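To start, the structure itself, in structure tokens.
The values are calculated or read from the model by the stated rules, or taken from the named source; none is laboratory data. In this text, all values refer to a predicted model and were calculated from it rather than measured experimentally. Glycine gets a Cβ as well: all are built from the backbone with ideal geometry, and neighbour counts include every protein chain shown.
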Amino acid sequence: MNAHVTAQNTVGSSVLSGRITRLDRGWSTVLLDDGVIVRVRNLGVEVAVGDFVDVSSDYERVERVHPRRSALTRRSSFEGARGTRQIVASNIDVVFVVHAVNGAVSQRRLERELVLAFDSGATPVVVLTKIDTVPAEDAQSVRDSLAQVALGVDIVLVSSRSGVGIDLIRAHSPAGTTVAFIGASGVGKSTLINALVGHEVQRTAEVREDDQRGRHTTVAAELIALPGGAWLLDTPGLRAVTLWTSGIGIERAFRDVFTVADGCRFRDCKHLDEPNCAVLEAIEAGTLSAARLASMRQLVAEELSVEEEQIERERSEDRRGFRRKKPQ
């Protein structure tokens, strides 16, 4: 465990320090600094797998969440939770964005995942799994396609069954680091995790005959110790890659568009019909993809919508609070 971020347990202390390794509906599984595993309630605090926390000495509840140095955050997908966030994982160093080469690989989905990863504060790495199920040239074609949008991001090709590429994953997971795996259901994350650990820690499902995709079996985010001293955080398949308000994620994920936009005549150019728009000129010249610009616009609009939802939620909470304070 990264002891430099957690307070050390002391004799007579009213709280115990540790790290959350799993969440289950109001309960946190916490690995304490002394190696003891406890299950405590997380009442009144926002917690995530990967959080460093203080636990009450009676093991009843999480007392405090230590400041997060990184957090993979998205808009909550729970019904009735508009304008609220969901922290998928915290205190991570590398986000492995997993796609299967034998599935419906999408540049647009990868763009969204990269925005999430960049905004988390961690380093994204794209992982292409199941390369043993397709001809080598097909796997390379998928890699080349995703490389067009994964600018400056390492792409690793892996076969969990044959072991090809596993050493490259381990190279991104040195001792003391925490890595997270995100990806759609059935892309092979659980099989990859089993290969990294060296034995089965995640159940895997049979592959469907019609599309050669597995059914995702991870039902809760969980922190798993890796040989060599790293920590691995598996997450359930993200069916909807919803964004939260962005810091630098969009700018980093679409750095090609932003670089070209520096040449626009107007500083606030919207790249619609303005004169001397370098972005539109690049699209006309074929050096920038029109689909790429359209995707960036969609993600910017989505984040603006999330901000509006936040504002409306805060106003609603203020109104309810005001009504509660009125004399009866």
### Summary
(1) under 21 Å from ARG170 (Cβ atoms); (2) touching a residue at least 40 places away in the same chain (Cβ under 8 Å); (3) in contact with a Leu (Cβ under 7 Å, 6 or more places away or on another chain) all hold for LEU128 apart from (2)
### Search result, residues across the range 45-91 that are of a type in the set (Val, Ile, Thr), modelled with pLDDT under 90 and under 19 Å from the mean Cα position of the chain (by Cα)
THR73, THR84, ILE87, VAL88
### Query
Is there any pair linking a residue in the range 281-298 that is touching a residue at least 12 places away in the same chain (Cβ under 8 Å) and within 13 Å of GLN148 (Cβ to Cβ) to one that is part of a helix (DSSP H, G or I) and of a type in the set (Lys, Arg), with Cβ under 7 Å and at least six apart or on different chains, and which?
SER295/ARG108
### Task
Could you please tell me which pairs satisfy a Cβ distance under 7 Å, a separation of 6+ or placement on different chains, a first residue in the range 304-318 that is under 13 Å from LEU243 (Cβ atoms) and in contact (Cβ under 8 Å) with a residue 40 or more places away in the chain, and a second residue that is aromatic (Phe, Trp, Tyr) and surrounded by fewer than 11 Cβ atoms within 10 Å (Cβ to Cβ)?
none
### Query
Quick one: ALA139 ticks every box in (1) within 20 Å of the chain's Cα centre (by Cα); (2) closer than 25 Å to ASP256 by Cα; (3) not charged (D, E, K, R) bar one, so which box is it?
(1)
### Task
Can you give me the number of residues within the range 259-305 that are basic (Lys, Arg), crowded, with 17+ Cβ neighbours inside 10 Å and farther than 21 Å from SER106 by Cβ?
0
### Query
From the set of residues in the range 217-231 that are of a type in the set (Gly, Ala, Ser) and modelled with pLDDT of 90 or more, which is surrounded by the most Cβ atoms within 10 Å (Cβ to Cβ)?
ALA230
